[in-house]
1. Report yes if some residue within segment 156-174 is touching a strand residue (DSSP E or B) at 6+ places or on another chain (Cβ under 8 Å) and over 30 Å from Leu285 (Cα atoms); otherwise report no.
2. Take the residues of segment 179-214 that are more than 26 Å from Asn162 (Cβ to Cβ) and among the small types (Gly, Ala, Ser): which is surrounded by the most Cβ atoms within 10 Å (Cβ to Cβ)?
3. When you look at Leu338, is it at pLDDT below 75 and among the hydrophobic types (A, V, I, L, M, F, W, C), yes or no?
4. Of all the residues that make up segment 73-99, how many are open to solvent by 20 Å² or more (accessible area, probe 1.4 Å) and assigned to a helix (DSSP H, G or I)?
5. Based on what the data block shows, is Arg398 within 21 Å of His190 (Cα to Cα) and surrounded by fewer than 18 Cβ atoms within 10 Å (Cβ to Cβ)?
6. Could you look through segment 114-134, keep only residues that are surrounded by fewer than 18 Cβ atoms within 10 Å (Cβ to Cβ) and assigned to a helix (DSSP H, G or I), and pick out the one that is nearest to the chain's Cα centre (by Cα)?
7. Quick check on my filter: what residues within segment 398-410 are more than 30 Å from Arg330 (Cβ to Cβ) and under 22 Å from the mean Cα position of the chain (by Cα)?
8. Looking at segment 155-162, is at least one residue part of a strand (DSSP E or B) and either open to solvent by 60 Å² or more (accessible area, probe 1.4 Å) or acidic (Asp, Glu) (or both)?
Amino acid sequence: MAFLGELLTSVADRGRALIGFERFLGNRARPIDRLCEDLLSGRGEASGMALAQAVLEAWQRLDKPGRLAFFNLLRERFGPDHDRLEKAIEAYREKPDAATISALHLAAEPRRQELLRRLNLAPDGTPVLVRMREALFEAMEAEPELKAIDDDFRHLFGSWFNRGFLVLRRIDWRTPANVLEKIIRYEAVHEIQGWDELRRRLEPADRRCFAFFHPQLIDEPLIFVEVALTTEIPRSIGEVLQPEREVLPAQAATTAVFYSISNCQEGLRGISFGNFLIKQVAEDLKRELPGLDTFVTLSPVPGFARWLAGVAGENGELALTNEERSELARRPGETISLDDVTKARRDKLLGQMTAEYLLRARTASGRVIDPVARFHLGNGARLERINVGGNLSARGHRESHGVMVNYRYDLDDIETNHEAFATRNTVVASSGVRKLLRPAAS
């Protein structure tokens, strides 16, 4: 990796020599729009790399208003060439063959896509472009019409970060410290409280962690998954993360539990890695440990509490008794002192409501509401079990009233389940989950 980076830098340096070092230094004082136009003018590869580096350096020096202006520049001046596009449309209408279709496709492409491709040639161009998209997200909050720029980023990133370029690496206690520090920082599901806790998640024989890396983002994980090897499907995160537990020999494990999946690069939001990650890790673990026959998640239900507050209130759409509405309105801290009978009644009600949320609730466009459910169901998993009391942390109570769920990845059924969800929006669920549903309102 270091050798490749040094090689690219030397090529860029050679490009500076080709266009004249004094002129290159002068580029740093030139407006960024002129640098972009020069880059698109079609210079040689080496000088193009030097210009690309000058553009990226200029962009990194911009303040927040300057970056917003840059994104508007891309939108206004680096869109499609309209004259060329109109001529291509007319040519296609006159003769709709393969050649005019190709010409029309090229003419319709915004010039900024080619600009971004050329910027990616600069040394460290890829990571700077990922950071650039992060800044674009913030700019889009102020000016939503900049979404057209993000569409171009997503189109290009979908190719640059496809599965063929990703490298799967196991993360363990011997992994370099700079990568381990990022695992602590990027953990998005169950916060890691320092190095001692990280060691408990990585070092024991019954723990695994895997991450995808990209050759252009050295030592920067894109996404990682934490795995617990067990003999049964856990009902709570406390079972998995308890500090004092008996370590299971890896060869004795029958179940692999994916209990945390974290995306690391905000600039790659919307570029899917997780489906490839889970499936490859499951296959790799099965080869390493043939005794594994169950692959499940222990997943949060992040949208449940918000949805329930909207449908279980006094004017909500769910058919609930006043007593049930009162139970669901309790604040998290109030549930700790409940007597056993009341707690059991409330737990049963929460299980029913979670089943309603995951199996029947839909967005206005007809999609399953919960983002984690969409992810796993779209990957071909089955909704296996609802675990009331699965996460009793403050965050767990706040997001899901403490509920967690298990999604099961049966390697023989993944494609069938995926097709059912993708084509018919069918949630494949176990009989145990379906039994929790109340009769549908007439």
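The values are calculated or read from the model by the stated rules, or taken from the named source; none is laboratory data. All figures in this text were calculated on a predicted structure; none of them were measured in a lab. A quick note on method: Cβ atoms are made from the backbone with ideal geometry, for glycine too, and the neighbour counts reach across all protein chains shown. Quick note on the areas: whole protein, heavy atoms, side chains included, nothing else; ligands and nucleic acids left out. Shrake-Rupley method; radii C 1.70, N 1.55, O 1.52, S 1.80 Å.
1. Scanning segment 156-174 turns up no residue that is touching a strand residue (DSSP E or B) at 6+ places or on another chain (Cβ under 8 Å) and over 30 Å from Leu285 (Cα atoms).
2. The selected residue is Ala205.
3. Working: at pLDDT below 75: yes; among the hydrophobic types (A, V, I, L, M, F, W, C): yes.
Against the criterion (at pLDDT below 75 and among the hydrophobic types (A, V, I, L, M, F, W, C)), Leu338 qualifies.
4. From segment 73-99, those open to solvent by 20 Å² or more (accessible area, probe 1.4 Å) are 73, 75-77, 80-87, 89-99; that's our starting set.
Add one more test, that the residue is assigned to a helix (DSSP H, G or I), and what stays is 73, 75-77, 82-87, 89-94, 98-99.
The number of residues fulfilling the criteria is 18.
5. Details: within 21 Å of His190 (Cα to Cα): yes; surrounded by fewer than 18 Cβ atoms within 10 Å (Cβ to Cβ): yes.
Yes, satisfied.
6. Applying the filter and picking the extreme gives Glu134.
7. Start the filter on segment 398-410 by keeping residues that are more than 30 Å from Arg330 (Cβ to Cβ), which leaves 408-410.
Answer for segment 398-410, where residues must be more than 30 Å from Arg330 (Cβ to Cβ) and under 22 Å from the mean Cα position of the chain (by Cα): Arg408, Tyr409.
8. Let us first name the residues in segment 155-162 that are part of a strand (DSSP E or B), namely none.
There is no residue in segment 155-162 that is part of a strand (DSSP E or B) and either open to solvent by 60 Å² or more (accessible area, probe 1.4 Å) or acidic (Asp, Glu) (or both).
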